[in-house]
1. Show the residue pairs that are 6+ apart or on different chains and have beta-carbon atoms under 6 Å apart, the first residue being within region B:260-283 and within 8 Å of chain A (Cβ to nearest Cβ) and within 14 Å of B:A125 (Cα to Cα), the second being in a helix (DSSP H, G or I) and at pLDDT 95 or above.
2. Exactly one of these conditions fails for B:G21: (1) under 22 Å from B:Y124 (Cα atoms); (2) surrounded by fewer than 17 Cβ atoms within 10 Å (Cβ to Cβ). Give me its number.
3. Could you tell me whether any residue of region B:56-67 is surrounded by fewer than 17 Cβ atoms within 10 Å (Cβ to Cβ), assigned to a helix (DSSP H, G or I) and out of contact with any Gly (no Cβ under 7 Å at 6 or more places or on another chain)?
4. Filter region B:136-152 down to residues that are small (G, A, S) and either modelled with pLDDT under 95 or under 14 Å from the mean Cα position of the chain (by Cα) (or both), then give me how many there are.
5. Filter region B:97-112 down to residues that are assigned to a helix (DSSP H, G or I) and within 14 Å of chain A (Cβ to nearest Cβ) and give me whichever is surrounded by the fewest Cβ atoms within 10 Å (Cβ to Cβ).
6. Do you know which residues across region A:205-220 are surrounded by fewer than 23 Cβ atoms within 10 Å (Cβ to Cβ), touching a residue at least 12 places away in the same chain (Cβ under 8 Å) and either more than 10 Å from every other protein chain (Cβ to nearest Cβ) or among the acidic types (D, E) (or both)?
7. Scan region B:129-149 residue by residue and report those that are touching a strand residue (DSSP E or B) at 6+ places or on another chain (Cβ under 6 Å) and either away from every other protein chain (no Cβ under 12 Å) or surrounded by fewer than 24 Cβ atoms within 10 Å (Cβ to Cβ) (or both).
8. Only one residue in A:V300, A:V261 is crowded, with 19+ Cβ neighbours inside 10 Å, of a type in the set (A, V, I, L, M), under 28 Å from A:G46 (Cβ atoms) and under 20 Å from the mean Cα position of the chain (by Cα), so which one is that?
2 protein chains.
Amino acid sequence: MPTCTAGQLRSLTSRIFQAAGVPEEIATKVSSSLVESDLMGHDSHGVIRVAQYLRDLRRGMVDPRAELQVLKETPTTALLDAHWQFGQIAAAGGMAIAIEKARESHLAAVGIERCYHIGRLGEYALTAAEQGFVGMVLCNTGGRTVAPFGGVGRTLSPNPMSYAVPAGRRKPFLLDFATSMCAEGKVRVARAAGKEIPPGWLLDKDRRPTTNPADLYDGGVILPMGGHKGYALCLLLDMLGGALTGHGCACLPEYERGNGVFMMVVDVEAFRPLEQFQDTVDRLFDEVKAGPTAPGFAEVLIPGEPELQTKEERERQGIPLPESTWQDIVREAGQLGVEIDIH
Amino acid sequence: MPTCTAGQLRSLTSRIFQAAGVPEEIATKVSSSLVESDLMGHDSHGVIRVAQYLRDLRRGMVDPRAELQVLKETPTTALLDAHWQFGQIAAAGGMAIAIEKARESHLAAVGIERCYHIGRLGEYALTAAEQGFVGMVLCNTGGRTVAPFGGVGRTLSPNPMSYAVPAGRRKPFLLDFATSMCAEGKVRVARAAGKEIPPGWLLDKDRRPTTNPADLYDGGVILPMGGHKGYALCLLLDMLGGALTGHGCACLPEYERGNGVFMMVVDVEAFRPLEQFQDTVDRLFDEVKAGPTAPGFAEVLIPGEPELQTKEERERQGIPLPESTWQDIVREAGQLGVEIDIH
């Protein structure tokens with residue numbers, strides 16, 4: 001298991017994608033998004049995806065040369081067709097449009113249909129927060145691995161959502177989670193590592209609670225986060241990401257693959273001077289962090305802090321790659337004739 | 001324990017508020033909102049609140065004659081000061097402004113500071129959905145009864161959020177929940193009824209898990225819904241409802257009382273023809289409801305269905321009032337010289 005720098009990993013991943021026919025600019029951006037997820041500790045959305053993206057490139061399920069098309073537009077809204085572009089490119093493009101509109105109109109909403117996998121949602125929400133806006137990104141997704149509350153069928157999917165809010169002297173707030181008990185990727189990672197998953201996440205094919213991750217891939221189902229609350233959020237995300245954009249909801253016949261995306265940007269200054277708002281947010285975070293900790297916790301963390309702490313650590317110490325991820329990359333590089341300069 | 005019709009209860013409650021000095025139009029609207037919560041089965045936001053509202057009227061903490069003031073406005077946004085108006089009036093007024101702006105600009109966001117208790121959030125979100133828009137209402141609140149994830153302090157509050165989405169032949173989707181394991185009112189109701197609460201909701205003053213609702217009122221604390229996920233949503237609501245509006249976050253010194261409110265309205269037609277969208281939503285709900293049910297569930301319900309089923313039932317059979325709520329109303333009516341015509 002090698003530990004490599006973010007720069008090394010970005011360069012290798014980008015060269016692999018380029019060797020697979022992805023234009024340099026696109027390859028660089030997609031690699032950068034994947035490695036950023038690894039830096040932040042979200043390995044499930046990092047370079048572990050390289051093999052999957054290459055497979056889907058070969059099958060024509062992602063079009064690295066597609067352009068983002070505006071289907072419908074107003075000063076505050078846009079509906080885009082990504083034509084199965086890499087999701088990282090489409091989502092970053094959609095967020096750029098949303099921020100531009102919010103600068104003019106104080107508020108913007110952008111929907112994107114036919115995105116290939118957009119990766120870590122927090123990346124795009126943070127782009128808004130870094131420019132002083134409140135950013136929201138949500139999407140629907142496929143897989144049908146999640147049961148509705150009150151049901152046990154594989155009807156819904158682990159639809160994720162993200163919000164980022166700018167703070168002042170503190171780092172931005174970043175909410176970024178799946179509305180099911182866990183993302184499917186976490187079950188996959190546990191299975192690969194031969195580990196159990198916590199109770200309450202899964203039912204097996206006979207609809208009994210289980211902690212064996214393999215049960216998900218044998219007819220099992222993931223439960224919604226927080227019972228009826230996560231279920232309601234999951235459905236909402238299918239309606240906004242899937243139905244409103246025209247991408248399609250994962251449990252309906254028109255759904256093909258990938259993510260239907262919905263994002264919103266709010267201009268803080270339409271309500272309060274940004275600095276005043278940021279000062280309040282800083283003081284809110286101070287107060288939350290000043291409280292007593294629960295057993296097993298060294299400090300109370302603000303959402304986003306764990307990711308940003310991991311990023312600082314991995315920027316210093318390098319990114320530790322799981323052996324299976326590394327072997328996948330070595331194999332793909334070999335097949336594509338890409339030289340590996342990480343040892 | 002009397003069972004009364006919604007009409008009887010609205011009339012009695014309105015006459016009580018009027019006798020306490022509330023103008024007729026305001027009294028009628030507030031009563032109507034409270035009784036609508038009882039109809040929907042959310043008794044914690046129904047006429048159980050009459051005694052509290054009367055007490056706060058006497059203490060000058062709610063101003064029944066205050067006007068909603070626009071502090072700052074753009075074609076897409078408005079920041080309002082409710083001057084401690086009844087929250088039901090302020091929130092309905094804010095939503096009317098948001099819908100009007102969304103009709104013109106396709107998107108609107110309205111913040112309201114200094115609202116007295118706004119009651120059931122779903123009421124205002126539904127107003128948007130009934131007119132073909134996606135409606136979102138969230139607020140912060142006080143009480144400091146909720147711990148952050150990783151902490152055990154009474155730092156946060158059970159901030160609630162609501163989304164409503166229009167369906168076609170089906171009833172609208174309605175998400176309406178507190179971001180903590182439960183609203184404080186549910187613990188209060190359990191304590192009054194001498195019942196235990198489910199495990200996982202509360203820690204006692206020594207930070208041990210407890211199912212005794214009385215422990216909350218003896219230094220205990222409510223846990224966030226879904227661990228770090230509900231905690232992140234709870235903080236987000238304090239930032240949007242409290243910090244962005246200027247109302248103040250409940251754990252900071254500038255917070256006085258009541259709700260800081262943030263609402264958004266999205267015009268479906270800016271993305272897809274409304275009928276097409278509604279058709280997709282109907283089919284999504286059909287598919288979700290068609291799946292197998294979990295043990296103990298007769299059917300899979302769409303968020304909002306339990307409330308709307310209860311409403312139909314209570315419109316037919318009347319609203320059963322808990323004895324303690326009824327005795328409070330009888331006492332207040334007696335003191336204000338209001339005749340009681342429900343027996």
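1. Listed pairs, sorted by first residue: B:D267/B:A102.
2. Just one mismatch for B:G21, condition (1).
3. In the first step, residues of region B:56-67 are kept if they are surrounded by fewer than 17 Cβ atoms within 10 Å (Cβ to Cβ); the result is B:58-61, B:63, B:65, B:67.
Checking which are assigned to a helix (DSSP H, G or I) leaves us with B:58.
If we keep only those that are out of contact with any Gly (no Cβ under 7 Å at 6 or more places or on another chain) too, we end up with B:58.
Yes, region B:56-67 has at least one match.
4. Kept after step one, since they are small (G, A, S), are these residues of region B:136-152: B:142-143, B:147, B:150-151.
If we keep only those that are either modelled with pLDDT under 95 or under 14 Å from the mean Cα position of the chain (by Cα) (or both) too, we end up with B:142-143.
So the count comes out to 2.
5. So in region B:97-112, the residues assigned to a helix (DSSP H, G or I) come out as B:97-105.
Now narrow it down to the ones that are within 14 Å of chain A (Cβ to nearest Cβ): B:97-98, B:101-105.
Values: B:I97: 20, B:A98: 27, B:K101: 24, B:A102: 28, B:R103: 15, B:E104: 12, B:S105: 22.
The selected residue is B:E104.
6. Step one: list which residues in region A:205-220 are surrounded by fewer than 23 Cβ atoms within 10 Å (Cβ to Cβ), which gives A:205-212, A:214-215, A:217-219.
Now restrict to residues that are touching a residue at least 12 places away in the same chain (Cβ under 8 Å): A:205, A:207, A:211-212, A:214-215, A:217-219.
The answer is A:K205, A:T211, A:N212, A:A214, A:D215, A:Y217, A:D218, A:G219.
7. Hits for region B:129-149 are B:A129, B:V137, B:C139, B:T141, B:T145, B:F149.
8. Values: A:V300 fails: under 20 Å from the mean Cα position of the chain (by Cα).
Only one candidate passes the filter, namely A:V261.
The values are calculated or read from the model by the stated rules, or taken from the named source; none is laboratory data. These figures come from a predicted structure and were not determined experimentally. Positions of Cβ are backbone-derived with ideal geometry, glycine not excepted, and every protein chain shown enters the neighbour counts.
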